[in-house]
Amino acid sequence: MRIITGSARNAIIETLEGENTRPTAERAKEALFSMIQFELEGRNVLDLFAGSGQLGLEALSRGAASCTFIDSAREAVDIVIKNAKNAKLFDRARVSAVDYKAFLKSAAGKEKYDIIFLDPPYASDFVAESVKKGTRKKQPAP
């Protein structure tokens, strides 16, 4: 795996061994970033279920102002930190080993993100739960 373009172009992204963390396929990542490439500059990004951190690191490489990386696995967080340092993007990264539910609860009303990457394990319903927990209810108009 590598960072496709930007300030950290071609930086190698290490991943964890085994089936618990699976990186986003490079073709899928390329397609995603070609769609949002002009929306990244200066944005605050959240990479929930970060794994190796490749989505958030790609965003940072392409000009995002900051990225918060969240993963419940300590081993994944260690890889994100290593990858961010190797790509020279660590100064704009915030990395936490915490369950996504606990993070969303603690960040509610305090944190704002322009772009959120949700790439959880395949056999989970974490996307639906994450969106539900992260969506604020709008107050009715007076």
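The values are calculated or read from the model by the stated rules, or taken from the named source; none is laboratory data. In this text, all values refer to a predicted model and were calculated from it rather than measured experimentally. FYI the Cβ positions are ideal-geometry reconstructions off the backbone, even for glycines, and counts take in every protein chain you see. Note: areas computed on protein heavy atoms with side chains; ligands, DNA, RNA excluded. Shrake-Rupley method; radii C 1.70, N 1.55, O 1.52, S 1.80 Å.
Largest first, what is the accessible-area ranking of I12, I36 with a 1.4 Å probe? Before the final figure, lay out the partial values.
Numbers: I12 115, I36 35 Å².
The most accessible residue leads, giving I12, I36.
Within the range 70-84, name every residue whose backbone N is under 13 Å away from a label modeled 7 Å from Cα of D99 along the Cβ vector.
72-73
List the residues whose amide H sits under 5 Å from the amide H of T68, counting only those 5 or more places along or on another chain, with H placed 1.01 Å from N in the peptide plane.
V45, L46, D47, R94
Quick one: order V98, V77 from most to least accessible surface, probe 1.4 Å.
On the way: V98 45, V77 5 Å².
Heavy-atom accessible area, descending, gives V98, V77.
When the label point is put 7 Å from the Cα of L32 along its Cα-to-beta-carbon vector, which residues of the range 75-100 have a backbone N closer than 18 Å?
From the range 75-100, the list is 76-77, 79-81, 83-84, 93-96, 100.
Could you put E75, E17 in order of accessible surface area, largest first, with the 1.4 Å probe and the full protein assembly present? Before the final figure, lay out each step's value.
Values: E75 115, E17 175 Å².
Listed by decreasing accessible area, they come as E17, E75.
Only bridges with both residues in the range 1-114 count here: give the DSSP antiparallel percent, nearest 5.
On the way: 1 of 11 bridges.
Rounded to the nearest five, the antiparallel share is 10 percent.
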